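The values are calculated or read from the model by the stated rules, or taken from the named source; none is laboratory data. All values reported here derive from a predicted model rather than from experimental measurement. Cβ placement follows ideal geometry from the backbone for every residue including glycine, while neighbour counts extend to all protein chains displayed.
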Amino acid sequence: MTTFDVPTRDEVSSQNQAIFDNLKKALGMVPNLYATFAHSETALGTYLALQNAKSSLMGKSREVVNLVVSQVNDCEYCLAAHTALGKMVGFTDEQIMELRHGHASWDVKFDSLARLTKSVAEHRGRAEQSVVDSFFAAGWTKENLVDAIVIIGDKVTSNYLHSMTKVPVDFPAAPPLA
């Protein structure tokens, strides 16, 4: 396997340098996985546009999807990042672990979203019909379903990039799944 370095600001295109500067202002750092996208002239900007696009799923709902997909794909980088982000949006450690298992016993809507996400991710887009029916029965809409699929695609992209590059994780490690 080819070893991937994490490019520095000086090693990327001027377009990516501007993105690095914005990330540093917003986050206080350029996460290693984002920097890895900058090996491409366009991938970092394209990925961030997707990740930051308007969606009917925001905050906690988005983190439900991110945690479930990252667990299905066993992405240590994204599990670490989204465990930290999950805490920032208000999930407890116990809730994050439960979400990683693909359910949320404390909330019917999050539970149906987690189960749908797990089914979609495990079955490569072919979710079980009963899971889809439960998703809609919990009050989610067709718009929410489409937006969940977009977020799943976003997370699969970053999961696969880390799987291929193995760049160092620069967030506290997620605990092992119990």
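Against the list (1) at pLDDT 95 or above; (2) more than 17 Å from Ala174 (Cβ to Cβ); (3) surrounded by 15 or more Cβ atoms within 10 Å (Cβ to Cβ); (4) of a type outside the set (Asp, Glu), the condition Phe4 fails is (1).
Of the residues making up the range 39-66, those that are crowded, with 22+ Cβ neighbours inside 10 Å and aliphatic (A, V, I, L, M) are Leu44, Val64, Val65. Residues in the range 59-92 that are over 13 Å from the mean Cα position of the chain (by Cα) and in contact (Cβ under 8 Å) with a residue 12 or more places away in the chain: Val89, Gly90, Phe91. Regarding the range 67-85, can at least one residue be identified that is under 16 Å from Leu145 (Cα atoms) and buried (at least 20 other Cβ atoms within 10 Å of the Cβ)? Scanning the range 67-85 turns up at least one residue that is under 16 Å from Leu145 (Cα atoms) and buried (at least 20 other Cβ atoms within 10 Å of the Cβ). Within the range 153-174, residues that are among the acidic types (Asp, Glu) sit with their Cβ atoms under 7 Å from residues that are not in a helix (DSSP H, G or I), at 6+ positions apart or across chains, in these pairs: Asp170/Pro31. Can you say whether Thr141 is hydroxyl-bearing (Ser, Thr, Tyr), touching a residue at least 24 places away in the same chain (Cβ under 8 Å) and within 24 Å of Ala84 (Cα to Cα), as far as the supplied structure shows? No, not satisfied.
Condition test on Arg124, is it basic (Lys, Arg), in contact (Cβ under 8 Å) with a residue 40 or more places away in the chain, more than 30 Å from Ser14 (Cα to Cα) and not assigned by TED's automatic domain parsing to the domain that holds Asn16? Here the answer is no, as Arg124 does not meet what is asked.
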